[in-house]
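Taken together, the values in this text are just the output of simple stated rules run on the coordinates, not laboratory data. This structure is a prediction, so every number in the text was calculated from the model and none was measured. Note: ideal-geometry Cβ built from the backbone for every residue, glycine included; neighbour counts use all protein chains shown.
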Amino acid sequence: MFEKGKINKGYCSDLNSSQKKLQKFPIGVFDSGVGGLTVLKSLYQRLPNESFLYFGDTKRVPYGTRSQAEIVEFVRQILTWMVQEQVKMAIMACNTSSALALEIVRTEFDLPILGIILPGARAAVQTGKRIGVIATPATVNSESYPQAIQEINPEAKVWQVGCPKFVPLIEQNQIAAPQTLAVVYEYLQPLLDARIDTLVYGCTHYPHLEPVISQILPRSVSQVDPAQHLAAAAARELELLGLSQTQRGQQSTRFCVSGCPNQFAQTSQQWLGELPVVENITLPVPTPSALA
Ligand code: DGL
């Protein structure tokens, strides 16, 4: 549906019929679980006329302790499904996928695919010079944040902490549990010792812990949630490609997961403000010929 060469990457005032048709299609947003909801929230604010297809790979969460080969394979399956569902753009609302799979899959699919690392790195360097990044072990090991940050500002110093206990606590809805405060303290301590001036939420799950993190982090440390910056990048890209939904409509989201729909609905209710309708889907296994 996204024919090669049909979309003019420069700004165009004369939209062709293919672009007009695509404008109405949803934007695909995915994560391993409820983390991507922090991105979805920013997308709702930034793109009030758009519709979304949200996918949480809850059967295989967490991604952050998996190998690159596994993550690339999962991302291929998700993108293959999203193309079948006719999304006009795919947004990786997942740092781990963005760090380990984006550069590999970007050329395999004929649709715009946005990741979260670069918008996050850009925002971080605008905020400070002593930057702490909390992320999954896979994202930390990829060195994606230090590389992206130092490419923009070679003077910036970066400290990273892998936080493997965070995602299970969030997916199991344990944010208010006493042990969560202790775990947050354990992970932030090395960054406090390093006297960071900026903390980057390098995993989309972690902003759900913001009330706990703010209890420990000094107010002088700026917190950067890359989600808002990714949403701004998505808005710019849609505009450039002539794919923004111009008609005012009812913003809608279809929620799909690979695991238990009820569990996802119950956990996400607190952030969405209502109990969502959630479908269970089975992802296709892509064949090489299915990839563009
Ligand atoms: N929320 C994702 C991220 O931003 C994945 C976390 C996980 O499943 O480990 O990295």
query = Which entries in Lys88/Lys129; Lys59/Lys165; Lys24/Lys165; Lys21/Lys41; Lys88/Lys165 show an alpha-carbon gap greater than 28 Å?
reply = Lys88/Lys129; Lys24/Lys165; Lys88/Lys165
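Where in the chain are the DSSP H helices whose alpha-carbon span along the long axis reaches 20 Å or more and whose Kyte-Doolittle mean is at least -1.0?
Working: long enough: 68-84 (24 Å, 0.49); 178-193 (23 Å, 0.31); 226-241 (22 Å, 0.39).
Within the chain the helices that satisfy the rule are 68-84, 178-193, 226-241.
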ask   = Which value does Rg/Rh take for the chain over its C-alpha atoms, Rh per Kirkwood?
value = 0.96
ask   = Roughly speaking, what is the centre-to-centre gap between the stretch 45-112 and the stretch 168-199 when only Cα atoms are used, to the nearest Å?
value = 26
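Show that you can apply the helix-only estimate: for the chain, add -39,500 (n - 2.57) for every DSSP H stretch of four or more residues, divide by all residues, and state [θ] at 222 nm to the nearest 500.
On the way: 13 runs with 127 residues, N = 292.
Dividing the helical sum by the residues of the chain leaves -12500 deg cm²/dmol.
What is the stretch 125-203's relative contact order, in percent, from Cα pairs under 8 angstrom and six or more apart in sequence? Present the calculation step by step, with values, prior to reporting the outcome.
Numbers: 98 pairs, mean separation 39.2, N = 79.
Relative contact order comes out at 50 percent.
Can you give the Rg/Rh ratio of the stretch 70-205, where Rg is from the C-alpha atoms and Rh is the Kirkwood radius? Before the final figure, lay out each step's value.
Working: Rg = 16.2 Å, Rh = 16.0 Å.
Rg/Rh for the stretch 70-205 comes to 1.01.
Of the listed peptides 35-48, 91-104, 232-245, 172-185, what is their order by residue-averaged count of other C-beta atoms within 10 Å, with the highest listed first?
Values: 35-48: 21.1, 91-104: 26.5, 232-245: 18.4, 172-185: 14.0.
Per-residue Cβ counts within 10 Å, averaged per peptide and sorted highest first, yield 91-104, 35-48, 232-245, 172-185.
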